[in-house]
Amino acid sequence: MGERKQRGWSLQGMTALVTGGTKGIGRAVVEDLMGFGATVHTCARNGTELNQRLQEWRDLGYHVTGSVCDVFVQAAREKLMEEVASLFHGKLNILVSTVGTALHKPTVDFTAEEYSHVMDTNFESTFHLTQLAHPLLKASGQGSIVLLSSVASIVAIANGTLYAASKGALNQFTRNLACEWAKDNIRTNCVAPWIIKTEMPAVKRITASAIQRKITLPKLLLKIGEKKRTGVQSDDVAEHLGL
Ligand SMILES: NC(=O)c1ccc[n+]([C@@H]2O[C@H](COP(=O)([O-])OP(=O)(O)OC[C@H]3O[C@@H](n4cnc5c(N)ncnc54)[C@H](OP(=O)(O)O)[C@@H]3O)[C@@H](O)[C@H]2O)c1
């Protein structure tokens, strides 16, 4: 954030919705946006954690609100966007959709329910949230959407086929939406991080197992090892949102 602040970068007067803002990358994004002056609304499923986080941020003087919402559920997404429309008077400048889930197992072992859970959480919920947000982003006159993809959408990762496909769908969705909604002054981007040290259960398992087995993962993980940490930090991702 430091370098961008020095360059006079500001989001003063801007409104933002960040899904999954209580932990990991979403939390870093909320804090980055607030640090630049944006008014932020976030959501998560765990109400106790959400209230704790909101209190911590308000104690620091930030303008932030939140809703308990499971973005996997269609009606919950609709309710979330109604709350955002009411809070921000029908206008939204920034939508950052960070919620995602990973299930690593051989492709032939996936059940239909597991398939739906991964695809609906990672792709369908994002697709629907952007649809719901469109009138608000357009009304702001200066909209920006950022989606959370993954390096797994570009390179093959063992037993991560379905996760990779869901993130690959997001990549192409981003390209199309960027063209389709440019006329409405809405920019669309996605970020595709490699392993980031967060609470995501799949990430915890991957990093723990890699460290235990002294697996040589590609360059980045080697670099991380040199830094004596098990993952790049969420703040590093927040810095590359392309807002
Ligand atoms: N960490 C990595 O290495 C990595 C690498 C590449 C891409 N990514 C992507 O980055 C995104 C964020 O991952 P992360 O590692 O930061 O995850 P995380 O640390 O597990 O945090 C997830 C956040 O989203 C919320 N959340 C999860 N499911 C939700 C749902 N259905 N509805 C509403 N909120 C929900 C969680 O709160 P509750 O549990 O209370 O709902 C939490 O605030 C994902 O899309 C992931 O695929 C992560």
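The values are calculated or read from the model by the stated rules, or taken from the named source; none is laboratory data. This one's a predicted model, so the numbers in the text were calculated from it and none came from an experiment. Backbone-built Cβ (ideal geometry, glycine too); neighbour counts: all protein chains shown.
Just one of the numbered conditions (1) in a helix (DSSP H, G or I); (2) farther than 26 Å from Ala202 by Cβ; (3) within 14 Å of the ligand (Cβ to nearest atom) is not true of Gln55; which one? Gln55 satisfies all of (1) in a helix (DSSP H, G or I); (2) farther than 26 Å from Ala202 by Cβ; (3) within 14 Å of the ligand (Cβ to nearest atom) except (3). Taken over the stretch 146-161, the criterion of being under 30 Å from Thr15 (Cα atoms) and in contact with a helix residue (DSSP H, G or I) (Cβ under 6 Å, 6 or more places away or on another chain) is satisfied by Leu147, Ser149, Ser150, Ser153. Going by what's in this entry, would Arg187 be described as more than 16 Å from the ligand (Cβ to nearest atom), at pLDDT 95 or above and assigned to a strand (DSSP E or B)? Taking the combined requirement at face value, the residue satisfies it. Picking from Gly37, Gly66, Gly61, which residue would you name as being out of contact with any Lys or Arg (no Cβ under 7 Å at 6 or more places or on another chain), at positive phi and in contact (Cβ under 8 Å) with a residue 24 or more places away in the chain? Matching residue, one of Gly37, Gly66, Gly61: Gly37. Here Gly20 does not fit the description of being within 16 Å of the chain's Cα centre (by Cα) and over 18 Å from Asn189 (Cβ atoms). In the set Ala165, Ala133, Ala139, only one residue is within 13 Å of the ligand (Cβ to nearest atom), part of a helix (DSSP H, G or I) and among the small types (Gly, Ala, Ser); that residue is Ala165.
Of all residues in the stretch 28-48, those satisfying the criterion of being in a helix (DSSP H, G or I) and either more than 20 Å from Arg77 (Cβ to Cβ) or of a type in the set (Ser, Thr, Tyr) (or both) are Ala28, Glu31, Asp32, Leu33, Met34, Gly35, Thr48. Just one of the listed residues (Thr107, Thr101) is exposed (fewer than 15 other Cβ atoms within 10 Å of the Cβ) and polar (S, T, N, Q), and it is Thr107.
Summed over the stretch 104-123, residues that are over 19 Å from Ala192 (Cβ atoms) and either assigned to a helix (DSSP H, G or I) or out of contact with any Leu (no Cβ under 7 Å at 6 or more places or on another chain) (or both) total 13.
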